[in-house]
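Scroll down for the structure; my scribbles are underneath it.
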Amino acid sequence: MVPLSTFLDLTFTGLVIGAIYSLFALGYTLVYGVLRLINFAHSEVFMWGSFGAVWALTFLGSRQGMAWPAAVGLLLVALVVAMAVSGGVALVVERIAYRRLREKNAPPLVALISAIGASFMLSELMGLRDRIAGWVGLDGVLAPYVRQARENTAFVNPLPNVTVLSVGGFEIRSNQLIVLVGAIVMMIALDQFVSRSRLGRGVRAVSQDPEAAALMGVNQKQVVQLTFLIGGLMAGAAAVLYLIHIPVTRYNVGFILGIKAFTAAVLGGIGNIRGALVGGLVLGLVENYATLVGLASSWKDVVSFLLLVVVLLFRPTGILGESLGKARA
Amino acid sequence: MRSIVKLAAPAAAAALLLAACGTTGGDETSSGSASGSSGGDCPEGISIGFFGALTGPNANLGVNINNGVKLAVDQHNAESGACQVALKPFDSQGDQNQAQGQAQQAVGDSDVVGIVGPAFSGESKVADPILAEAGLVGITPSATNPALAENGWKTFFRVLGNDATQGPAAATFITDTLGKQKVYVVDDSSEYGKGLADLVREDLGSADIKDNTIQTGQTDFSAVVADIRASGADAVFFGGYYSEAGLLLKQMRDAGLSSDQVAFISDDGAKDEGLITAAGVEAANGAYVTCPCLPPDQAEGSFVEDYTAAYGTAPATYSAEGYDAATILLDGIAEGNVTREDLLSYVASYDQPGVTKQLKFDDQGEPSAVSVWSYKIEDGQIVADQEIGS
Amino acid sequence: MSTDTAPTPRGSTRASRPSFADRWTALPRPVQILVWCAIAVFFFVLPLLNLPIVSTPDAEFGAVLATVANYALVALGLNIVLGYAGLLDLGYVGFYAIGAYTVGVFGSLHGQVNWFVLVVMAVTISTASGLLLGAPTLRVRGDYLAIVTLGFGEIIRITALNSEWLNQARGITGIPRPPSTELFGLPSLLWDGATAKVDLGEGARSVFLKFGLIDAVPYYWLSLIVIIVVIFADKLLQASRVGRAWEATREDEEAAELNGVPTFRFKLLAFAMGAFVGGLSGALYASRIGAINPDSFMIQLSMMFLAAVVIGGQGNRWGAIAGGVVVAYLPERFREFADFRIVVFGLLLLLLANFRPQGLLPPRRARRARRADEATTRLEGTEEGARA
């Protein structure tokens, strides 16, 4: 029997990592909802955002144990930079990997290959940033940003990590709380944006029926760009929350996380924003609960994939079904 | 073709080193007409190879080793009247499929008389039989799987202790020196990490209260940390590499398992600055790593200074072993052993002090003098602690 | 529909000038067979020619060719699943791993079975696992199949990594090689600039027919023979009722079902055929390399296989082979790019997808369909013109 505190511990930490999956999964879900395509390059959008945050803090000279207001300010700047970088990269991906193919009505598989190509490039360019800086002759100036490009780069979180709640061996730390609350707030804001704003209506219209939407005067190209941008912004936010939880990043950090996030999106019902939230949280919990039945941590991916298969067999469109168009219940 | 100016003064040699690593390197054309200082002949284009991952996901380890090898080659070539030796890269990306092609390439290249590598145990299983069949000596700086030496490959040598020396020493260190009796053993399911952790588990006996396995590349260890806490362990041993070790350590400390309560001990794969990068200076404080290698101040020569001057960073995991392995081959060439056959028998009877240990091999190619040390992390530095076994 | 690389969509010149394919079909049968034989012979002697430019300077050419042939075979198998039946399989590496592990487990780790029996076992087990995986998951809608199969590939790898019976990360060594005889050394060419010298097989590297450690050429030949057999089978299959059923399923599943095609059963068949070839190539891979471990079957390999089929032109067996060659050969040929190989490869995928979406060698059907499309646009154009 596991003690209750362990169970609570697993539940809470599962929700924390699950919240990150959820936020990351939005990019997959939104693009799929609108274009019916798997955006394979989304993992690199996340990775670039994480570097945006790391670089911003390095530039601003972040260190541990700063005063509260300064630390919060720094973290917000990092958040904005990460979201801007991720959003920008997402738009670049849309431009170089998708637009031409969409205009030509190419089959979805070709778009997938195009995205895989873009993903390889984006990840390797980050992994080679020291070499590239060397070519341009800036490796001296940029040393703190580019050195040891294949290794982990540390994110110096200026906020102290204090215990918020402690009950009988079960503890909640401030960093965990920030991640969980931050992710859920972002998701609610996005859900409201898509279901209430004019632009959000456009996104839903296109995902429901692109042709009808076009006839009704929705600018499809703009909607697609907006979709990529929102997905990117959310990935940037996810990257900062991830770094608060796990304070290092590297050029290939997106790959495994991307697969998890994509699994979460499908689990919840791809194309559905609330589905991404549910899918991410469920995935995070299941991964942690695998420990309860005595499985080693290395089996957790097997458990989550088996869960996915079972869910898809009984609910072929995921837990909440796929309906970005009908997001407003 | 006499294009390379030979420099005698050590200061000038150091300057040459710096220049050499500023450019690409690896393809220095040697002017082989030099008459070797110790009288032997010196064929044009004579080369040693580095076999390991220079690109791809495991490149970080391979590049560290290659830097050590390159330093040794550059120093050798800069010596006055030295037989100019080229360094050829055999980049396997740590992948077995590529390892086969690269091993066949190395074997087919008659300029190559010796190999530093293969770097990893997995690729060694593919490449070493090929080297053995062709009689091409391969000194591995980093493949620690004990079983590799038991295949009867006459060309197999390694300059570091295998897991079977480190495992028991680490277990004794944890139970006797640190006095911990409830150890939680985690491995990263890699051949190296799992192999070593299994040996530690065996030697800990009843002091090993619980096991867990993670995946390489995993970053979130909250379930493991929760389990460690629930198990009431007073020490954690991690078998694996620095990235996962650092993140696990960080998450343990974040969850309130302080270093007084739960000691953290890892292995030579974690003895790298990357451990501190991943864990952060604060969380890394007080952690231990064991390593079958001598602390730098015990070693002769100026390896650490030279390496730092050449690459701008301190030697990383296995850089020193790479340097040692290359030095053995280069010494052999300097003494006129310029065929594969001669060099192989030279290596088998080698007995000289190296940077990491006394370099001497037993008949299986294992180093015969290995001392295992523990290192402690203090204020972001990995400092030597004590000798824990030999 | 917009046009791509075709210079003139007007079509009048096009109709008067027969395409390469048309001219080829017009050739008499014996000539065709002769040309095929010549091509086959060329590929068989390729590793002995050491052609400048073509040969890889920084990697043993025989080994590269063996890898290339392996990729080509995998691409042929995946082409059945992806190109013919239109099923997006991101976990194809799983079948490859099953084939390789079967040979390893029963040939070295837990048995000493004869090599030929091993290969039969490998394809049987991988085909069975294809059926086992396909039966539940092929009912899942098309797009979801991608993530489910991706999960399958990972499950296979993680299971191998974690189960004691499969030797975990240590993997399997001493995998049996095909039985060999040593008859004679083979002559090969040595090039000095543009002149070739013949090296008459004294102490030659390639011995006929020794499946050894040093020389990968016999393995290349073995793969080549298997490829030729698979191509024949593939040709027969595609031209049969099965091939037409696949095409119908791929183009419009509901319409096919309504027309009496049992689409599920045909999809399952495609999946099983793909698994068969995947397992076969895995078995050949394992007996060439001699040692495998779970790291040999990372998910990235699935992406490479997929890229091979799509780059080559899904639905065309020659395209799949060409794609396999591109994916496996180019990185080895241009080793001097070293670090930048993957960036260049990514760029190549991006450019090919964008500027040649049908792949290097689009299937004939696509060409036919394109012509039909063009005809439709022409007709519609005139219609509009008439209306105006």
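Any read-out appearing in this document is the output of simple, stated calculations on the displayed coordinates, not a laboratory observation. Bear in mind the structure is a predicted one, so any value in this text is a computation, not a measurement. Cβ atoms come from the backbone with ideal geometry, glycine included; neighbour counts cover every protein chain shown.
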_With only alpha-carbon atoms in the gyration tensor, what are the semi-axes of the equivalent ellipsoid for chain B, in Å, largest first?_
38, 21, 18
*Between the stretch B:105-164 and the stretch B:223-268, the alpha-carbon center distance in angstrom*: 34
*How far is helix B:191-204 tilted, in degrees, relative to the longest principal axis of the Cα atoms in chain B, given as a value from 0 to 90 rounded to the nearest 10?*
50
*For chain C, find the longest principal axis of its Cα atoms and tell me its angle to the long axis of helix C:142-162, 0 to 90°, nearest 10.*
10
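Compute the signed sum of charges (Lys and Arg +1, Asp and Glu -1) over the other residues within less than 14 Å, Cβ to Cβ, of residue C:153.
Details: positive: C:157; negative: A:301, C:89, C:154, C:295.
After counting each charged neighbour, the total is -3.
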*Compute the separation of the alpha-carbon centres of the stretch A:1-20 and the stretch B:339-390 and state it in Å as a whole number.*
45
_Shape category assigned to chain C from the gyration tensor of Cα positions, a/c cut at 1.5_ = oblate
*Estimated FRET transfer efficiency when R0 is 41 angstrom, pair residue C:112-residue A:164 (beta carbons, to 0.05)*: 0.10
*Between residue A:58 and residue C:351, what FRET efficiency follows from the Cβ-Cβ distance if R0 is 35 Å, with the result rounded to 0.05?*
0.55
*How much length, in nm to one decimal, is gained on full extension between residue B:79 and residue B:383, taken as 0.36 nm per residue of separation minus their Cα-Cα distance?*
106.2 nm
_Using DSSP H assignments, which helices in chain A have an axial alpha-carbon span of 27 Å or above and a mean Kyte-Doolittle hydropathy of -0.5 or higher?_
A:4-35, A:68-93, A:108-127, A:174-196, A:220-245
_To make sure I understand the rule: partners must be lysines, Cα under 28 Å from the Cα of residue B:70, and not fewer than 8 residues away in the same chain. Which ones qualify?_
B:6, B:88, B:125, B:154, B:271, B:357, B:360
_Within 10 Å of each Cβ in B:226-235, the average number of Cβ atoms from other chains_ = 4
*Could you name the lysines whose alpha carbon sits less than 23 Å from that of residue A:104, not counting residues in the same chain fewer than 8 places away?*
A:221
*Apply 1/(1 + (r/R0)^6) to the Cβ-Cβ distance of residue C:49 and residue C:376, taking R0 = 41 Å, and write down the FRET efficiency to the nearest 0.05.*
0.30
*Report, as an integer, the average count of C-beta atoms from other chains found within 10 Å of each Cβ along A:308-317.*
4
*asked:* Using only DSSP helix segments of four residues or longer, with each worth -39500 (n - 2.57), what per-residue ellipticity at 222 nm results for the protein assembly as shown after dividing by its residue count and rounding to 500?
replied: -18500 deg cm²/dmol
*What does the highest-first list of A:232-243, B:103-114, A:102-113 look like by mean Cβ count within 10 Å?*
A:232-243, B:103-114, A:102-113
_Those aspartates and glutamates that a straight Cα-Cα span of less than 16 Å connects to residue B:376, excepting residues fewer than 8 apart in one chain_ = B:260, B:267, B:268, B:272, B:273, B:282, B:297, B:385, B:387
_Average projection area in nm² (convex hull over Cα atoms of the protein assembly as shown, one quarter of hull surface)_ = 46.3
_Give the average, rounded to an integer, of partner chain Cβ atoms located within 10 angstrom of each Cβ in B:247-254._
3
*Could you work out the local net charge near residue A:256, counting Lys and Arg as +1, Asp and Glu as -1, over the other residues with Cβ closer than 15 Å to its Cβ?*
-4
*Work out, step by step, the length gained on full extension between residue C:139 and residue C:364: first 0.36 nm times the residue separation, then minus their alpha carbon distance; give nm to one decimal.*
78.1 nm
*Treating the angle as unsigned and between 0 and 90°, give the value, to the nearest 10°, between the Cα long axis of helix C:364-387 and the longest Cα principal axis of chain C.*
20
*Top mean-square fluctuation among B:228, B:139, B:65, Gaussian network model of chain B, C-alpha springs under 10 Å?*
B:228
*Would you please state which residues of the stretch C:123-143 a label at residue C:163 would reach in this model, taking the label point 7 Å out along Cα→Cβ and a backbone N cut-off of under 18 Å?*
C:123-134
*Rounded to whole Hz and in sequence order, give me ³J(HN,Hα) for the stretch C:271-277 from the Karplus expression 6.51 cos²θ - 1.76 cosθ + 1.60, θ = phi - 60°, writing x for Gly and Pro.*
4, 5, 4, x, 5, 4, 5
*chain C, relative contact order in percent, only Cα pairs under 8 angstrom and at least six apart counted*: 29
_Segments C:227-233, C:215-221 sorted - mean Cβ within 10 Å per residue, highest first_ = C:215-221, C:227-233
_For a protection proxy built on the mean count of beta-carbon atoms within 10 angstrom, sort C:244-256, C:102-114 highest first, please._
C:102-114, C:244-256
*Within the set of other residues whose C-beta is less than 15 Å from the C-beta of residue C:115, count the net charge using Lys and Arg as +1 and Asp and Glu as -1.*
+3
*Please tell me the relative contact order of chain B in percent, rounded to the nearest whole number, where contacts are Cα pairs under 8 Å and at least six residues apart.*
18
_Modelling each spin label as a point 7 Å along the Cα-to-Cβ direction, I'd like the residue B:302/residue B:345 distance in nm, to one decimal._
3.8
*Given 37 °C and 0.692 mPa s, how large is the Stokes-Einstein diffusion coefficient of the stretch C:99-170 in µm²/s, with Rh as the Kirkwood radius over Cα pairs?*
242
